[in-house]
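J.: First, the structure itself, so that you have it in front of you.
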There are 2 protein chains.
Amino acid sequence: MAVYTEVSDDDLRAFVARYDIGDVVACKGIAEGVENSNYLLQTDRGSYILTLYEKRVARADLPFFLGLMEHLAANGFACPTPLRDRTGEALGDLCDRPAAIISFLHGMWPRRISTRHCTEVGGAMARMHLAGAGFNLKRANALSVPGWRPLFEQSAPRADEVNTCLRDTLASELDHLEANWPNALPDGVIHADMFPDNVFFLDGVLSGVIDFYFACNDFFAYDIAVCLNAWCFEPDRSFNVTKARQLLTGYQAERPISPAELEALPILARGSALRFLLTRLYDWLNTPDGALVKPKDPMEFLVKLQFHQQVNGPGAYGLGWSD
Amino acid sequence: MAVYTEVSDDDLRAFVARYDIGDVVACKGIAEGVENSNYLLQTDRGSYILTLYEKRVARADLPFFLGLMEHLAANGFACPTPLRDRTGEALGDLCDRPAAIISFLHGMWPRRISTRHCTEVGGAMARMHLAGAGFNLKRANALSVPGWRPLFEQSAPRADEVNTCLRDTLASELDHLEANWPNALPDGVIHADMFPDNVFFLDGVLSGVIDFYFACNDFFAYDIAVCLNAWCFEPDRSFNVTKARQLLTGYQAERPISPAELEALPILARGSALRFLLTRLYDWLNTPDGALVKPKDPMEFLVKLQFHQQVNGPGAYGLGWSD
């Protein structure tokens, strides 16, 4: 739930005048997203998203994110694209922040996940992986293995305040992942945060994917592992193997998952669970009382991590070798 | 910054199907308003506001609020109106809450107040007071004099935590207002909360007024006094008498302010300042740490109260008898 920056009507009008999109008729802050300030901007020609990039997004990364959205859309992937102003720029400044106007994507993110959603999201992820080919900018995944230990060390002294023995659990998991992380799998541009609130549906059909602000170059199968964590656990934290199977089947229909990728899924799923556990733990310990954004419960991802620690192979995700 | 209730896509679709407004294509929570959950709902036919009434709004008051919006709009006042479903109902249920779909009002509320805005809002308030004539429901102002003492008593024990001697200041002001409050002034339906975030403008011209959830029957001049507090103080808390004069002049152009009403303005302005001071103080002391809504600083209204305590007559508001 965001909107950190209040944009005055005068500043807004001046900013919008740089684009060929008509006159502003309404602009309302959106209570979604935690990294940026987002407004639903309406002009006499249509609806748009106005995004002001707050300090958690590095300005140097913005050409990658905005360029990726343009590249994916140009290659047929359903996602919003930044508009270019009359001088051809996609990125401007508003209220002393980098800002962009993004096309509006119809649809809503699903609050109650069905197996059908999982099939669709698997297919969309594969299409994104394919559509990213040829994008000429690179961005390392700052939240993969090398980023986890520094993040762990910042939270370690207070980790046991959140859950008994959490510090030791995290330390030994980190040792295991550093020692066993795969080093040669098919890679390319991944979304890295394809949670339900970033995937829109209209009448049960996926209408597009938003929020590319964690996108980076990494293993495709790591992105799939993020999706397993994001889509296949029930609200009671149990794992729904049918949803996992549907997600993988949906993916496979667009891009085959290689035997090596399938074999790596359990460790990639552990790594992905640890990644969200560490960032949520950091936010949990460092969000000031009374902050506008309520931190999410890190323990949800401890349960997910423990699930993946106990699986005895990729068959646990519903898709056997023989499929 | 609100949105307390998450509406699932299935529940939303079922609710919207009761109305003749087409199919949902988007629905986003709005980060504005503190009493209710508001969504900007888009269908293939247009934009609407979906409001879920949270516990601070009494269900029994909703027919007054929704009926008033219809009545005002039917009498030419620019404000949103509730849509009626196929059975003629303006009020439904969604996620176990009363809910309504309201027409969408173009415009934005002004972040930086100009004298021109003040002229416009004065005129709009007068037009609302006139348009309210003939509305057949009544609602007492729960936040006028009889409501202040109970509110004060709930905060009194801890008032001095917020500001030195605040408890004594409030107690003596309350005594003064109870003893001197006018009892016979022109009355009718008032908005009672016409702050800048409830008044929309397009290109400097007022496009309409929203949020009638404090509307009630009370003195028209009390509503004017609320506006003086809401529009005529600068961000540094100094009083801008030019803005006050413009506001009153704008009002007078539509509905004459009687000598008795003008004479009562200082005490009504004190009462209005105390009303917002008391509700903000209550929220300040009772909002749990980490709540989604950050309470507003009550001290802003102590400064306003002190200004009105020191004026020596209605001339302080820029409009003399000779005008």
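J.: Go through (1) surrounded by fewer than 21 Cβ atoms within 10 Å (Cβ to Cβ); (2) at pLDDT 95 or above and name the single condition A:G290 misses.
T.: Against the list (1) surrounded by fewer than 21 Cβ atoms within 10 Å (Cβ to Cβ); (2) at pLDDT 95 or above, A:G290 comes up short only on (2).
J.: How about region B:272-283: which of its residues are surrounded by fewer than 24 Cβ atoms within 10 Å (Cβ to Cβ) and either β-branched (V, I, T) or more than 23 Å from B:L319 (Cβ to Cβ) (or both)?
T.: Here is the first cut: in region B:272-283, the ones surrounded by fewer than 24 Cβ atoms within 10 Å (Cβ to Cβ) are B:276, B:279-280, B:282-283.
The answer is B:T279, B:R280, B:Y282, B:D283.
J.: Another question about this same structure. Restricting attention to region B:96-132, and to residues there that are in a loop (DSSP other than H, G, I, E, B) and among the hydrophobic types (A, V, I, L, M, F, W, C), which single residue is nearest to B:A17 (Cα to Cα)? Lay out the reasoning, then the answer.
T.: The first filter runs over region B:96-132 and keeps only residues in a loop (DSSP other than H, G, I, E, B), leaving B:96, B:104-107, B:109-114, B:132.
So of that shortlist, the ones also among the hydrophobic types (A, V, I, L, M, F, W, C) come out as B:104-105, B:109, B:113.
Working: B:F104: 18, B:L105: 22, B:W109: 31, B:I113: 40 Å.
It comes out as B:F104.
Listed here are the residues, each with its yes/no results for (1) away from chain A (no Cβ under 14 Å); (2) surrounded by fewer than 18 Cβ atoms within 10 Å (Cβ to Cβ); (3) closer than 23 Å to B:E32 by Cβ.
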{"residue": "B:D160", "(1), (2), (3)": "yes, yes, no"}
{"residue": "B:D187", "(1), (2), (3)": "yes, yes, no"}
{"residue": "B:V205", "(1), (2), (3)": "no, yes, yes"}
{"residue": "B:F212", "(1), (2), (3)": "yes, no, yes"}
{"residue": "B:S238", "(1), (2), (3)": "yes, yes, no"}
{"residue": "B:L248", "(1), (2), (3)": "yes, no, no"}
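J.: Could you list, in sequence order, all residues of region A:21-40 that are of a type in the set (G, A, S) and within 8 Å of chain B (Cβ to nearest Cβ)?
T.: Scanning region A:21-40 gives A:A26, A:G29, A:A31.
Residues checked against (1) assigned to a helix (DSSP H, G or I); (2) within 22 Å of A:A156 (Cβ to Cβ); (3) of a type in the set (A, V, I, L, M); (4) touching an Asp or Glu at 6+ places or on another chain (Cβ under 6 Å):
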residue	(1), (2), (3), (4)
A:N229	yes, no, no, no
A:R245	yes, no, no, no
A:G271	yes, yes, no, no
A:L277	yes, yes, yes, no
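J.: B:T43 - would you say it is of a type outside the set (A, V, I, L, M, F, W, C) and within 14 Å of chain A (Cβ to nearest Cβ)? Reasoning before the result, please.
T.: Working: of a type outside the set (A, V, I, L, M, F, W, C): yes; within 14 Å of chain A (Cβ to nearest Cβ): yes.
Yes, satisfied.
J.: Given the criterion among the acidic types (D, E), away from chain B (no Cβ under 14 Å), surrounded by fewer than 21 Cβ atoms within 10 Å (Cβ to Cβ) and closer than 18 Å to A:I210 by Cβ, identify the matching residue among A:E89, A:E70. Lay out the reasoning, then the answer.
T.: Working: A:E89 fails: closer than 18 Å to A:I210 by Cβ.
None of the other options fit; the residue is A:E70.
J.: Next question. With the requirement that a residue be touching a helix residue (DSSP H, G or I) at 6+ places or on another chain (Cβ under 8 Å) and of a type in the set (S, T, N, Q), what does region A:207-235 give you?
T.: Residue satisfying the conditions is A:N229 alone.
J.: So which of A:D218, A:D203, A:D211, A:D236 is farther than 30 Å from A:D160 by Cβ, free of Cβ contacts under 8 Å to residues at least 24 places away in the same chain and of a type in the set (D, E, K, R)?
T.: Values: A:D218 fails: free of Cβ contacts under 8 Å to residues at least 24 places away in the same chain; A:D211 fails: free of Cβ contacts under 8 Å to residues at least 24 places away in the same chain; A:D236 fails: farther than 30 Å from A:D160 by Cβ.
Unique residue meeting the criteria: A:D203.
J.: Here's another thing I want to ask about it. Just give me the residues in region B:127-143 being polar (S, T, N, Q) and surrounded by fewer than 19 Cβ atoms within 10 Å (Cβ to Cβ), in sequence order. I'd like the intermediate steps shown before the answer.
T.: Start the filter on region B:127-143 by keeping residues that are polar (S, T, N, Q), which leaves B:136, B:141.
Listed by number, the list holds a single entry, B:N136.
J.: With respect to B:A17, determine if the residue is within 14 Å of chain A (Cβ to nearest Cβ), at pLDDT 95 or above and farther than 23 Å from B:F201 by Cα.
T.: So B:A17 fits the description; yes.
J.: I want to confirm something. Restricting to region B:77-95 and keeping residues that are assigned to a loop (DSSP other than H, G, I, E, B) and among the acidic types (D, E), which single residue is farthest from B:T43 (Cα to Cα)? Break it down into steps so the answer makes sense when it comes.
T.: If we filter region B:77-95 for residues that are assigned to a loop (DSSP other than H, G, I, E, B), which is where we start, we get B:77-81, B:83-91, B:95.
Then drop every residue that is not among the acidic types (D, E), which leaves B:85, B:89.
Numbers: B:D85: 15, B:E89: 20 Å.
Selected residue: B:E89.
J.: Among the listed residues A:D20, A:D44, A:D10, which satisfies the condition of being farther than 30 Å from A:T279 by Cα, surrounded by fewer than 16 Cβ atoms within 10 Å (Cβ to Cβ) and out of contact with any Asp or Glu (no Cβ under 9 Å at 6 or more places or on another chain)? If you could, list the steps in order and put the result at the bottom.
T.: Numbers: A:D20 fails: out of contact with any Asp or Glu (no Cβ under 9 Å at 6 or more places or on another chain); A:D44 fails: out of contact with any Asp or Glu (no Cβ under 9 Å at 6 or more places or on another chain).
The unique qualifying residue is A:D10.
J.: Considering only region B:92-113, state which residues are within 14 Å of chain A (Cβ to nearest Cβ) and among the hydrophobic types (A, V, I, L, M, F, W, C).
T.: Result: B:L94, B:C95, B:I102, B:F104, B:L105, B:M108, B:W109, B:I113.
J.: Right, B:A269: in the same structural domain as B:Q306 (by TED's automatic domain parsing), surrounded by 24 or more Cβ atoms within 10 Å (Cβ to Cβ) and closer than 21 Å to B:V311 by Cβ or not? Show your work before the answer.
T.: Numbers: in the same structural domain as B:Q306 (by TED's automatic domain parsing): yes; surrounded by 24 or more Cβ atoms within 10 Å (Cβ to Cβ): yes; closer than 21 Å to B:V311 by Cβ: yes.
Spelling it out, B:A269 is indeed in the same structural domain as B:Q306 (by TED's automatic domain parsing), surrounded by 24 or more Cβ atoms within 10 Å (Cβ to Cβ) and closer than 21 Å to B:V311 by Cβ.
The values are calculated or read from the model by the stated rules, or taken from the named source; none is laboratory data. Everything quoted here is computed from the prediction, not taken from an experiment. So basically every Cβ, Gly included, is an ideal-geometry build from the backbone, and we count neighbours across all protein chains shown.
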